[in-house]
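Visitor: I am attaching a structure below and will ask some questions about it afterwards.
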Amino acid sequence: VKAQTGAVTFNAAAFYTDIKDLQVTLDSGSCSSRIVFNVDKAHTAGVEAELGWSPAAGLDFNLSASVLEAKFDSTVRDGTGAVIGGIEDGNRLPSVPELQLAASGTYRWTPGWVNADAFVSGSVQHIGDRFTQPSDQLPTQGLPAATGLALGALTGLESPRNLVDLNLGAYTTLNASTGLEFETWSVTLFANNLTDEDAQLSFDRERGGRARLGFHGNQPRTFGITLRKTF
């Protein structure tokens, strides 16, 4: 659906997708290699919406949101009948957040002291929780007991298995920028991740957690300047 009235626009979509022979990558047991499995059936279903508002000349606001269900519809088993790596009917697909939200605002104007268009802009984005691999959502998720490898405050000698939470938590980032746009070039000052959010994007492990361990994080608070030239 698409709608517009005055200074307001609204777009929305609902969808359902059947997936066949989905390729899913898992650890190869205690080996450093990876194995790709073909999952017979899976699906995604959700709603996406976007709202735009321009209350005054040069001033624009945008809101967007998506709610998504992404799950396996079949189970992959080994020769003994055991489920392989969390690929089980009803479990979530890896790396897919159930909720995403974003909001942005921009104001543009022409200052009298320079022959250019000026702007100031800000945005905020929220990403829901995710899992790096399907097995990370199982009750037994975590690392093997007494890995001997340090991770954060852990020494690697602790005995309980669930010492490391492999649910990648939701996070929110805030960005801002301002600049001038001339006819053939522009200059922009930017500040990304203003709140210095420490997000966990994925979890990397080798040999099933018996070797290298570590979370892949996002970029920390960053300030910079961008110059662009068109020809």
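Visitor: Mind checking whether some residue in segment 94-105 is within 30 Å of E183 (Cβ to Cβ) and touching a strand residue (DSSP E or B) at 6+ places or on another chain (Cβ under 8 Å)?
Guide: Yes, the conditions are met somewhere in segment 94-105.
Visitor: Here's another thing I want to ask about it. Could you give me the residue pairs with C-beta distances under 8 Å whose first residue belongs to segment 9-24 and is modelled with pLDDT of 95 or more and acidic (D, E), whose second residue is exposed (fewer than 10 other Cβ atoms within 10 Å of the Cβ) and part of a strand (DSSP E or B) wherever it lies, and which are 6+ apart or on separate chains?
Guide: Close Cβ pairs satisfying both conditions: none exist.
Visitor: Filter segment 164-223 for residues that are among the basic types (K, R) and open to solvent by 60 Å² or more (accessible area, probe 1.4 Å); which is nearest to V124 (Cα to Cα)?
Guide: So the residue we want is R221.
Visitor: Something else: I'd like the residue in segment 76-85 that is open to solvent by 50 Å² or more (accessible area, probe 1.4 Å) and part of a loop (DSSP other than H, G, I, E, B) and, out of all such residues, is nearest to I19 (Cα to Cα).
Guide: D78
Visitor: Counting only residues that are open to solvent by 50 Å² or more (accessible area, probe 1.4 Å) and small (G, A, S), which one in segment 93-119 is nearest to the chain's Cα centre (by Cα)?
Guide: S95
Visitor: Can we say T80 is of a type in the set (S, T, N, Q) and without any contact (Cβ under 8 Å) to a residue 24 or more places away in the chain?
Guide: So T80 fits the description; yes.
Visitor: For segment 154-161, does any single residue satisfy the condition of being at negative phi, out of contact with any helix residue (DSSP H, G or I) (no Cβ under 8 Å at 6 or more places or on another chain) and at pLDDT 80 or above?
Guide: Checked segment 154-161: no residue is at negative phi, out of contact with any helix residue (DSSP H, G or I) (no Cβ under 8 Å at 6 or more places or on another chain) and at pLDDT 80 or above.
Visitor: Considering A49, A3, A12, which residue is surrounded by 15 or more Cβ atoms within 10 Å (Cβ to Cβ) and part of a strand (DSSP E or B)?
Guide: Every option except A49 fails the conditions.
Visitor: When you scan segment 170-230 for strands (runs of 3 or more DSSP E) that lie fully inside it, which ones turn up with 3 or more residues that are at pLDDT below 95?
Guide: The strands (runs of 3 or more DSSP E) meeting that bar are 200-205, 213-217.
Visitor: Kindly indicate which of E88, E69 is in contact (Cβ under 8 Å) with a residue 12 or more places away in the chain and surrounded by 15 or more Cβ atoms within 10 Å (Cβ to Cβ).
Guide: On inspection, the qualifying residue turns out to be E88.
The values are calculated or read from the model by the stated rules, or taken from the named source; none is laboratory data. Just so you know, these numbers come straight off a predicted model, no measurement behind them. Quick reminder, even Gly has a Cβ in these numbers, built from the backbone with ideal geometry, and neighbours come from all protein chains shown. Areas reflect the complete protein model, heavy atoms only, side chains present, ligands, DNA and RNA absent. Shrake-Rupley method; radii C 1.70, N 1.55, O 1.52, S 1.80 Å.
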